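The next block holds one structure in the form of structure tokens; read it before the comments.
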Amino acid sequence: MGKINLQQAIKWTVYSLLLVNWVLYIQEDWQNAQFTLRNGGSLLDWTSAFGTSLDEAAWFGLLFLWELETYALSDDSWNRLMQWSFLGIRGACYIFLAHTVFAWAVAFTDLENTQASPEITSLCQLAGRDISFANNQHYILIDEQNCDGISTDTEFFYVDNSAVTDTAGFALERRSAWFDLQDAVTWLLIMFSIELGIWLQERDITGGPLTLVSQAVKVFYGVLFIDAAYWAWLGHWLWAWDQTLWICGFWAIEYNMKEWREQIEFEEQQATA
């Protein structure tokens, strides 16, 4: 029996845990949609409600391609059909990731422009109207039995067409919307750095200004850890755990690229020896 490759075992454990998290995200998005889309919504509202699940699906697509390109496939296995297939999958993933950034940008802009509803001074005014109270991504359907005990504030904000929050909850919604948007953009920057690195190494380029750029972007992993800490502080342990797993998944691709780069440099040395 051959020895277990520890690096590969860890990598596939991370990938498997990410799949489990994806299922949990789909479940969480569906549960939240029962409140946020209770009174219907546009196509963007629906895709935004399941934005995290769609985003994860796109990242899985890219992770699959990167694993093939940086580890599983040899240079000799490439053909035109495979190249076009990879291009098509990449394009679809990019569209979903662009949707996530757009959806988070719209949510952030909408919250920045949202004003308190002057006609609402008590949650009991909303009892029995299929309106929920939102706080830190938790929802409570407002009825006559609970309306007095949810919030004593006299100023309320609609965060979508079927959910309101109070002043403290609204401040949290705005801050979290900024973190969501910033996090999505940061992931895209790291994605582009990996794509650039793959593009360079496919051409046997392991040095130079573009390689330096692709390596310099790695500092943004620190920003992602800050985002994970923020979500953990809010009690969203699934989000923090998932963020950490995705960072580990990307590091696995980075390790694949490092081994690939060392192989290219070794072959160049052999050729010039």
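The values are calculated or read from the model by the stated rules, or taken from the named source; none is laboratory data. Since the structure is predicted, the reported quantities are computational estimates derived from the model, not experimental observations. Please note: Cβ atoms are built from the backbone with ideal geometry, for glycine as well, and neighbour counts cover all protein chains shown.
Of all residues in the stretch 203-225, those satisfying the criterion of being surrounded by fewer than 16 Cβ atoms within 10 Å (Cβ to Cβ), in contact with a Phe, Trp or Tyr (Cβ under 9 Å, 6 or more places away or on another chain) and of a type outside the set (F, W, Y) are I205, L210.
Residues are listed down the side, and each one gets a yes or a no for (1) among the aliphatic types (A, V, I, L, M); (2) on the phi > 0 side of the Ramachandran plot; (3) at pLDDT 95 or above:
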site	(1), (2), (3)
W199	no, no, no
P209	no, no, no
F220	no, no, no
F225	no, no, yes
A228	yes, no, yes
W239	no, no, no
A252	yes, no, no
K258	no, no, no
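Under the condition of being at pLDDT below 80 and acidic (D, E), the residues counted in the stretch 33-73 number 1. Annotation note: Cβ proximity below 6 Å between a residue of the stretch 172-194 that is buried (at least 16 other Cβ atoms within 10 Å of the Cβ) and a residue that is in a helix (DSSP H, G or I) and among the hydroxyl-bearing types (S, T, Y) (sequence gap 6+ or interchain) occurs for F179/Y230; A184/T100; S193/S214. Given the criteria under 27 Å from E56 (Cα atoms) and surrounded by 13 or more Cβ atoms within 10 Å (Cβ to Cβ), does T114 qualify? No; evaluated as a whole, the condition is false for this residue. Scanning the stretch 117-129 for residues that are part of a loop (DSSP other than H, G, I, E, B) and closer than 28 Å to E28 by Cα turns up A127, G128, R129. Pairs linking a residue in the stretch 250-273 that is over 17 Å from T211 (Cα atoms) to a residue that is in a helix (DSSP H, G or I), with Cβ atoms under 7 Å and 6 or more positions apart or on different chains, are F250/I190; A252/K11; A252/V14.
Hey, among the residues in the stretch 207-229 that are assigned to a helix (DSSP H, G or I) and closer than 14 Å to K258 by Cα, which one's nearest to the chain's Cα centre (by Cα)?
Filtering the stretch 207-229 down to residues assigned to a helix (DSSP H, G or I) leaves 209-229.
Okay, now just the ones that are also closer than 14 Å to K258 by Cα, so 211-212, 214-215, 218.
On the way: T211: 25, L212: 26, S214: 21, Q215: 21, K218: 17 Å.
So, considering only residues that are assigned to a helix (DSSP H, G or I) and closer than 14 Å to K258 by Cα, the one nearest to the chain's Cα centre (by Cα) is K218.
Across the stretch 255-273, what is the number of residues that are within 24 Å of L63 (Cβ to Cβ) and either among the aromatic types (F, W, Y) or surrounded by fewer than 19 Cβ atoms within 10 Å (Cβ to Cβ) (or both)? Lay out the reasoning, then the answer.
Applying the first criterion (within 24 Å of L63 (Cβ to Cβ)) to the stretch 255-273 yields 255-264.
Next cut, either among the aromatic types (F, W, Y) or surrounded by fewer than 19 Cβ atoms within 10 Å (Cβ to Cβ) (or both) only: 255, 258-260, 262-264.
Of the residues in that region, 7 qualify.
Of the numbered criteria (1) touching a residue at least 60 places away in the same chain (Cβ under 8 Å); (2) of a type outside the set (G, A, S); (3) in a helix (DSSP H, G or I), the one D204 fails is (3).
Scanning the stretch 130-180 for residues that are within 24 Å of G41 (Cα to Cα) and in a loop (DSSP other than H, G, I, E, B) returns D130, I131, N136, Q137, I142, D143, N161, S162. Residue pairs whose Cβ atoms lie under 6 Å apart, separated by 6 or more positions or on different chains, with the first residue in the stretch 92-119 and modelled with pLDDT under 95 and the second part of a helix (DSSP H, G or I) and of a type in the set (K, R), are L111/R174.
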